[in-house]
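S.K.: Here's a structure for you.
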Amino acid sequence: MTFEQAFLKVKEKFEHADASGTADFAVQVTFTDSDCGGTFYAEVKDGKLAVEPYNYYDNNALLNITKSALLAYLAGRTTLDKVIAAGDARAEGDISKIADWKAMLKKAPAAKKTPVKKASAKNSF
């Protein structure tokens, strides 16, 4: 998986995230995989979340992590403490902001599924 593919997967997870009521912050995330290195940021400003593929030098927290560890963390299959203990991540700064970013996934409205209409089995005679 390339950085662009991994980044888009993360960004897609936050497409419907609810940042309302969340204090402003910025978290810079760097993938540490040898085949998928790259940096992006998540910023909340004025109740709106932006996830973009750039460095964010004036951040509240840095997260260096493998893509699989980040995806597992965001999916709730592991905790940040566990991926750090396993050596798959290193965090610096105000780590609570990383948790605030993840918490937006829980506040996101459920994606609406469009019902699939079954084709009618009418005879054409």
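The values are calculated or read from the model by the stated rules, or taken from the named source; none is laboratory data. Keep in mind that what you see is a predicted model, and the values were worked out from it rather than measured. All Cβ positions, glycine included, derive from the backbone under ideal geometry; neighbour counts span all protein chains shown. For accessibility, only protein heavy atoms count, side chains too; no ligands or nucleic acids. Shrake-Rupley method; radii C 1.70, N 1.55, O 1.52, S 1.80 Å.
S.K.: Mind checking the per residue accessible area of the stretch 14-101 for me, 1.4 Å probe, whole number of Å²?
M.R.: It amounts to 51 Å² per residue over the stretch 14-101.
S.K.: Take the Cα coordinates of the chain, assign each an equal point scatterer, and use the Debye formula without solvent to give log10 I(q)/I(0) at q = 0.09, 0.15, 0.16, 0.22 Å⁻¹.
M.R.: -0.30, -0.67, -0.75, -1.38
S.K.: As a test of the formula, what do you get for the chain when each DSSP H run with n ≥ 4 contributes -39,500 (n - 2.57) and the sum is divided by the residue count, at 222 nm and rounded to the nearest 500 deg cm²/dmol?
M.R.: Computed ellipticity for the chain at 222 nm equals -9000 deg cm²/dmol.
S.K.: Also: Using label points projected 7 Å from each Cα along Cα→Cβ, tell me how many nm separate A103 and T2, to one decimal.
M.R.: Simple spin-label model gives 3.6 nm for this pair.
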